[in-house]
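Engineer: Take a look at this one; I'll ask things after.
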Amino acid sequence: MRTRALAALTALSLCLACGAFKRQAYEGFGRDGWQKPDEVIALLDVGPGDRVADIGAGGGYFTFRLADAVGDTGRVYAVDVDNDMLDYLRERTAEEGRKNVEVVRGEFGDPLLPDAAVDLVFTCDTYHHLSDRVAYFSKLRTDLAPGARIAILDFNGTSGFAKWFGHATPKQTIVDEMTAAGFRLVADHALIDRQNFLVFEAAS
């Protein structure tokens, strides 16, 4: 009985450590320096009242910055599929009283956003994880408000972790896939050396 209880306690400790490790991995070491989050937010041109979906929100690195940008009259949908991260996002949202952040447990093929309600879809370090990206973004078109944009920030594979482990997507691949999904490229920001930062709108 004692051995079983010890094993359960050990498993619980490992689980909690795993969640903490994930959060640290999302925050990254020195990420504020190379990711340039304030400049990213500025280039996204997000303002009060905007409705933004942060797909693959992780630990909320961009979620809460976006929430500051949209203000009390806006809304940020923090979408993820990882239960540890979703729990953390809910806890932080409650602790900070973020009434303009809604945590959403998406599906691998659908972010489960409200129809025609999103002005900007933002995804950082997530694009390369999606399996059928053309189908995913084609389906997502129903969630977009008129004039909405999709901003994709993803590793380009030129250096570091992304290069060694394949966590990257070439720029032309993103453009080709988004074109096939019914979008056109409207901005290509050369802000971060190791990442593509592309913005799309519906082609028609």
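No lab work stands behind these numbers, since they all come straight from the coordinates. For clarity, every value in this text was computed on a predicted model and none was experimentally measured.
Engineer: Which number gives the lysine pairs in the range 30-202 that have C-alpha atoms under 29 Å apart and are eight or more places apart or on different chains?
Structural biologist: 6
Engineer: Follow-up. Could you tell me which of rounded, prolate or oblate describes the range 30-202, using a ≥ b ≥ c as the square roots of the eigenvalues of the alpha-carbon gyration tensor, with rounded for a/c under 1.5 and, failing that, prolate when a/b is larger than b/c and oblate otherwise?
Structural biologist: Verdict is rounded for the range 30-202.
Engineer: What full-extension length gain, to one decimal in nm, is calculated for A180 and I41 as 0.36 nm per residue of separation minus the Cα-Cα distance?
Structural biologist: Fully extending the segment from A180 to I41 adds 47.3 nm.
Engineer: Could you give the length gained on full extension between S138 and R105, defined as 0.36 nm per residue of separation minus the Cα-Cα distance, in nm?
Structural biologist: In short, 9.9 nm is gained.
Engineer: Further question: If the chain between I192 and D87 were fully stretched, how many nm would it gain, using 0.36 nm times the residue separation less the Cα-Cα distance?
Structural biologist: Numbers: separation 105, 0.36 × 105 = 37.80 nm, distance 3.01 nm.
This chain segment gains 34.8 nm when fully extended.
Engineer: Taking every DSSP beta bridge that has both residues in the range 30-202, what percent is antiparallel when rounded to the nearest 5?
Structural biologist: About 40 percent, rounded to the nearest 5.
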